[in-house]
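A short write-up of the structure that comes next.
The values are calculated or read from the model by the stated rules, or taken from the named source; none is laboratory data. Model, not experiment: these values are computed from the prediction. All Cβ positions, even for glycine, are placed from backbone atoms using ideal geometry, and neighbour counts span all protein chains on display.
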Ligand code: DP6
């Protein structure tokens, strides 16, 4: 099943099973996940908390094809290759193992977000693949089990199973206990519906994958442990701030948590630096907005793009300011979005 070859399409008369189609959205972590304590089982070191967005969905269809010799995977219409294909096929192997099935699958994935640009496309990707794959292979999973499954594809994907705000538990222990204890669940937040202004300063693929970067950080950064410890305090502060609907507190905690994560990477050996001059220009513009009395707070993932949290009423001003700070960058304003959903036949 791990062959890198793309299988030719079957005979023209072969009818594919209708399979299952799922849609999922990326999420942006306000408390970051960075580092795994078990790479095989995909168990994070730290709890994380995110907001699922209403932009950049991934739509994935999984159909079973018993006559094929291997899985076929297309990404935005082109055959997936290398690591991207390997991760999908390994994930399908896991789904088949759980379901006790063996049929190869035909997977078609469409992203409305630049893949690999630090916009958490693996989160929407594996949340959609988990939901569509589970349905196609006849698995009946509750949301907790689905998020646990999505985590095996990408830890951040566990959170995209849910809409709005979600926490992903690092869970206790090792092995089976860790696997069972590490899943995401919704954080009910009634009246907090901010804007997230996304400055796409560079939509190209990143030089170091987040997976390789976090491994290097855990193994070599002298700052990693202290960030992980302070992240626990950030998490309880964040939960309280969300309960109060306090944008300033949410933003302050999110910004310092993200900058701390980037500090751990800068101290890795060799250093991992995702932040570009355009990133810093946008960060400076966020400071200027605050000095002018506009509550706006920045967070960055494994890439140079900046996401600015603000009140919806300020979103247009924030978008204009960050656009001026990084001329030529695309700016998209998002809000909280829905969890992963299966599409019925008529909606496909
Ligand atoms: C910086 O979930 O993409 O966006 O688990 O190795 O697939 P893998 O990594 P991934 O890493 C996301 C890291 C982050 C922070 C976050 O989303 O919490």
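Could you check the range 267-302 and list, in sequence order, the residues that are part of a loop (DSSP other than H, G, I, E, B) and surrounded by 15 or more Cβ atoms within 10 Å (Cβ to Cβ)?
Initially, the range 267-302 is screened for residues part of a loop (DSSP other than H, G, I, E, B), giving 267-276, 292-295, 300-302.
Of everything in the range 267-302, those that are part of a loop (DSSP other than H, G, I, E, B) and surrounded by 15 or more Cβ atoms within 10 Å (Cβ to Cβ) turn out to be 267, 268, 272, 273, 274, 275, 276, 294, 295, 300, 301, 302.
Can we say residue 84 is outside any loop (DSSP other than H, G, I, E, B) and modelled with pLDDT under 95?
Working: outside any loop (DSSP other than H, G, I, E, B): yes; modelled with pLDDT under 95: yes.
Taking the combined requirement at face value, the residue satisfies it.
Each row is one residue, and each column tells you yes or no for (1) assigned by TED's automatic domain parsing to the domain that holds residue 50; (2) surrounded by fewer than 20 Cβ atoms within 10 Å (Cβ to Cβ).
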residue: 138; (1), (2): yes, yes
residue: 165; (1), (2): yes, no
residue: 182; (1), (2): yes, no
residue: 219; (1), (2): no, yes
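When you check residue 321 against the structure, is it within 14 Å of the ligand (Cβ to nearest atom) and in contact with a helix residue (DSSP H, G or I) (Cβ under 6 Å, 6 or more places away or on another chain), yes or no?
For residue 321, the condition - within 14 Å of the ligand (Cβ to nearest atom) and in contact with a helix residue (DSSP H, G or I) (Cβ under 6 Å, 6 or more places away or on another chain) - is not met.
Is it the case, given these coordinates, that residue 66 is more than 20 Å from the chain's Cα centre (by Cα), over 25 Å from residue 228 (Cβ atoms) and touching a residue at least 12 places away in the same chain (Cβ under 8 Å)?
Yes; evaluated as a whole, the condition is true for this residue.
Can you tell me which residue in the range 206-228 is nearest to the ligand (Cβ to nearest atom), limited to those that are outside any loop (DSSP other than H, G, I, E, B), within 14 Å of residue 32 (Cβ to Cβ) and modelled with pLDDT of 95 or more?
First, pick out the residues of the range 206-228 that are outside any loop (DSSP other than H, G, I, E, B): 210-220, 224-228.
Filter once more, so that each one left must be within 14 Å of residue 32 (Cβ to Cβ): 210, 213-214, 217-218, 224, 227-228.
Okay, now just the ones that are also modelled with pLDDT of 95 or more, so 213-214, 217-218, 224, 227-228.
Details: 213: 8, 214: 7, 217: 10, 218: 11, 224: 14, 227: 12, 228: 13 Å.
Ranking the qualifying residues of the range 206-228, first place goes to 214.
Residue-by-condition table, conditions (1) within 13 Å of the ligand (Cβ to nearest atom); (2) outside any helix (DSSP H, G or I); (3) more than 17 Å from residue 52 (Cα to Cα); (4) over 15 Å from the mean Cα position of the chain (by Cα):
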residue: 144; (1), (2), (3), (4): no, no, no, yes
residue: 147; (1), (2), (3), (4): yes, no, no, no
residue: 150; (1), (2), (3), (4): yes, no, no, no
residue: 162; (1), (2), (3), (4): no, yes, no, no
residue: 172; (1), (2), (3), (4): no, yes, yes, yes
residue: 177; (1), (2), (3), (4): no, no, yes, yes
residue: 190; (1), (2), (3), (4): no, yes, no, yes
residue: 197; (1), (2), (3), (4): no, yes, no, yes
residue: 204; (1), (2), (3), (4): no, yes, yes, yes
